[in-house]
Each structure stands twice: as structure tokens, then as C-alpha cells.
Amino acid sequence: MDLLWAEVDRLQPLLGCVARLHPLIYRRSRMPWDDTWTEGIEPLSADEIHQFLRHSARIRSLSMPSESTDRLFPLLSIIPPETCVFPRLESLTLFTSTHLGLFLSDTLRHCSIFDVDGKLPQSPTVHDDDLEDLLDEMILDQLSMLSSRIRSCKQLVTLTCPPLDWEAWKHLSNLPTLMEMGIREVRREFGVPLWPLDWHIANLTPFFNLTVLSFTVDSPEYPITILRHSQFPSLKRFWIMVAAPTATEANQLFRALSHYKQTLEQLTVIMSSYNQGSQSKNLTITQFFCFTQLRLLHLDCAESRIYLDNNLLLEAMSAWPHIEFFKIEDSGRNSSVTFRGLFTALSQCPQLESLRLSIDIVNIDIDIHAEPIPNTTLRALDLETSEDPIENAEVLARIIFTWFPCVEQVSKIADTDSEPWDEVNMHLISLRAGTGRIIGGP
């Protein structure tokens, strides 16, 4: 029985153990995620709560990622809000933190909370001008409550949640079990996001065993503060999605991150395009040269340009001798990287398996009849070009076939209706068929 209840998706299976609710939940025509049956249903009685708790004590993993699940909690209103009804819970996924007190157990290891409750109660006496202040106050209260509850968790291994206050960060820095942590900014209808950080703060105890850190934020200010006042001596993977920052903000972020240049192996920077008023149009690849242990670098800056030419590409590949995955997505369509520059740079990174960037396919600066030095490591090659259609598709296919024998096809970067590399890939198929070469074969 314990194994049967070890992993549960949503609260419906537990509530289905209550005889009164079973026919409502498992009606033949009802979809599993449909919670509308709760309308007009009385909360569970004391005896029904006993049935519920008898099974909830067995659950080790619980996932409730849907916002509609909030309709189910009023059925449990007889339970005191700070009572843990899942005493053996080890893994938890919640859409909001509103009812977090019901789930926090001493055994919790993995916790993911998508948001806090950002819904204002409807009131005819509240004017529209006051909505923003009310929402700010409510969100800060929710974030403060979340931080307080997180401080009660003593054995966390992974945590993903909305922004926490400094006391919560201080608590987490003292958890030797914590290995992965992610911050997701709260959703708001008005203005800029709020962060419950005290800017007059002391440095934290080092996060000795934390290896993965990620942020999904509108502004880099919150992660910059964390990076400046914390220590992550074991940090190997850093991931951030941020509205395109100014040049000053970008420099501050990467300068703070550079403290981990000796340990960082995977770095992903995604600059979204919804905050165009503050975006920096040009970024420099040289900001990442100090991360000499990189195995993965992904820069996704759709509304900015990352300037790259043959010399910079060679310097980059020389700086990252262990790189296995290198991906650049930006707004630059006219590339200064040529095939000669690409082949020269790739000689510096013998472990590179996946590459994505823009390239100049008009000015072919290599002798296609010369004896090539094939690169047998590269498996995935994604190239962007401003040429559409590609006029010299057969020549390009022969270059790729000869120099990159393990690349099956070339894929574009830009998400457009046309695929400029289709003809090149058709020629690649013909060349492989003519030689009998099988990608990945002996």
C-alpha cells in the first residue's frame, strides 16, 4: 500500500478515497484535471479528514502544478493551516505557495513552487489607482511568508521558488544538503517586480555544496546582489533569463559571476525581448573568456547583437579548451565569421560536439579542392545566414560533407517560415548516398 501511494499527481486521488467525493471525481465524462466538481461541495468532515490523512501520510512525492488545484483546498478547511498532512513527503511541486504550510515536512528534499498568490480580492470600494499598491503589499506579504516557511526546511537538496528574503538565504547557506537552487520572479500585473531583500546585508556563509544556480527575473539586480554577497565554491552550472539589461547592468552581472570562473562549466544567458526600453544592442563575447572551464555556453539574445569575427572566434575557442556545446542566438544576420575562420577556431576545441552561430556563406575563403582536415567530433551544426535562398547550396554541401563528416544536416537558427538550408541538406543526402557513408556508423 505504501508503494501505491508513494507518488501522487494532484490531490484528486486522495480526495477520491472519501466515499462522498469518489463518484464526483471519477465520473466517466470528466477529465482528470477538471476541478469544477468542487462547486457547492461541503468541506470534509472530521471522519472524512481521517480517511484523507490515513493515505496522505504514505505519500513521498506530490505534484500539483495547476492553478485550478486551488479549488480543492477549501475542502480541507477543517485542518489547521500550519498542520503538515504529508509527514513523509520528500518531493513537492506546487503552483502557488498559498497552502505551503500543509506540505512542509522534516523529510522534504526537493521543493518547486511556481508562484505566490497574486490575486486581489474583488471589492467595490477599491479604486483602480489603489490596486497597484494593494498588489505590491499582498505580494510582499506572500513572499515574506514563503521565506519564513522555507526557513523551516532543514534537509533540502533542490529548491526552486519565487524570490526569498535575506534571512531565508542565510538559512539556506547553512544547509550542507543543498545542491541546486532556482529563483523564479513572481508574476505581476503592474509595474516592476518586487524583491524582499534588505540591501544593507552582510555576506553569507558559503554554499559549499551548491552546484546549480538559476534565475528567471526581469532585472539583474536581484541575482547581482546574491552573487556579490554569497559564495558558491562548487558552482558548476549557472542559468539566467533576464530582460535585456543595459551595458552597465550586464557588466555588473558578468563581473559578479566571474568570481566562479575556475569552477563554472555550464553557462546559459537568455535575454528576453519584452523590456525593449532598457536593452543593450551590442554585447561582447570577451566577457566570457575568463570562464576557462566551460563545457557549455548558450547565449540567447534575440534583440541584441553579439559581435563575432574570425579573430574573436579563435580567441574564444582558445579560451575554452573543454567546450562541448557553443550556441549563439542574436539579432545579427550579417556575420563576419567565414569558413576559414571557423575551421581555424575549431582546431582549438577538440571536444566540441554542438555549434550554433551565424556565418558568411557568400565569401567562400577556402579552397574546396584542397585536401581537408576533417573534424570528426562535431555532430550538430546550426548556422544562420542572411541569404535566402542560398545560391551556392551544392558548394556549401560539399564543404560540410568534406570537413564535417559526422554532421548529418545543417539547421537554421531563426524561426522563420522558410528554411534556407533545405537545399544544402538535400545535397548532403545525395553525397552520403553516393559514398555509402552512414552517420554514426562504424
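In segment 1-10, is there at least one residue being assigned to a helix (DSSP H, G or I) and over 30 Å from the mean Cα position of the chain (by Cα)?
There is no residue in segment 1-10 that is assigned to a helix (DSSP H, G or I) and over 30 Å from the mean Cα position of the chain (by Cα).
Looking only at segment 414-442, count every residue that is more than 17 Å from A393 (Cβ to Cβ) and either modelled with pLDDT of 60 or more or of a type in the set (A, V, I, L, M, F, W, C) (or both) and tell me the total.
6
Could you list, in sequence order, the residues of segment 96-136 that are open to solvent by 40 Å² or more (accessible area, probe 1.4 Å) and modelled with pLDDT of 80 or more?
H99, D106, T107, R109, H110, F114
Could you list, in sequence order, all residues of segment 311-337 that are modelled with pLDDT under 95 and polar (S, T, N, Q)?
Residues satisfying the conditions are S331, N334, S335, S336.
Here are some residues: A57, A46. Which one is more than 25 Å from the chain's Cα centre (by Cα), open to solvent by 40 Å² or more (accessible area, probe 1.4 Å) and farther than 24 Å from D117 by Cα?
Answer to the selection: A46.
Tell me, which residue of segment 141-162 that is open to solvent by 70 Å² or more (accessible area, probe 1.4 Å) and not in a loop (DSSP other than H, G, I, E, B) is modelled with the highest pLDDT?
Of everything passing the filter in segment 141-162, M145 is modelled with the highest pLDDT.
Conditions first: (1) out of contact with any Gly (no Cβ under 9 Å at 6 or more places or on another chain); (2) over 25 Å from R184 (Cα atoms). P65 passes all but one, so which condition is the exception?
Just one mismatch for P65, condition (2).
Among D300, D309, which is in contact with a Ser or Thr (Cβ under 6 Å, 6 or more places away or on another chain), surrounded by fewer than 19 Cβ atoms within 10 Å (Cβ to Cβ) and among the charged types (D, E, K, R)?
Among D300, D309, only D309 is in contact with a Ser or Thr (Cβ under 6 Å, 6 or more places away or on another chain), surrounded by fewer than 19 Cβ atoms within 10 Å (Cβ to Cβ) and among the charged types (D, E, K, R).
Would you confirm, using the coordinates I've provided, whether R28 is more than 30 Å from L134 (Cα to Cα), part of a loop (DSSP other than H, G, I, E, B), without any contact (Cβ under 8 Å) to a residue 12 or more places away in the chain and basic (K, R)?
Yes.
The values are calculated or read from the model by the stated rules, or taken from the named source; none is laboratory data. Bear in mind the structure is a predicted one, so any value in this text is a computation, not a measurement. Every residue, glycine as well, gets a Cβ built from its backbone with ideal geometry; the counts of neighbours run over all protein chains shown. We work out accessible area using only protein heavy atoms, side chains counted, and drop any ligands, DNA or RNA first. Shrake-Rupley method; radii C 1.70, N 1.55, O 1.52, S 1.80 Å.
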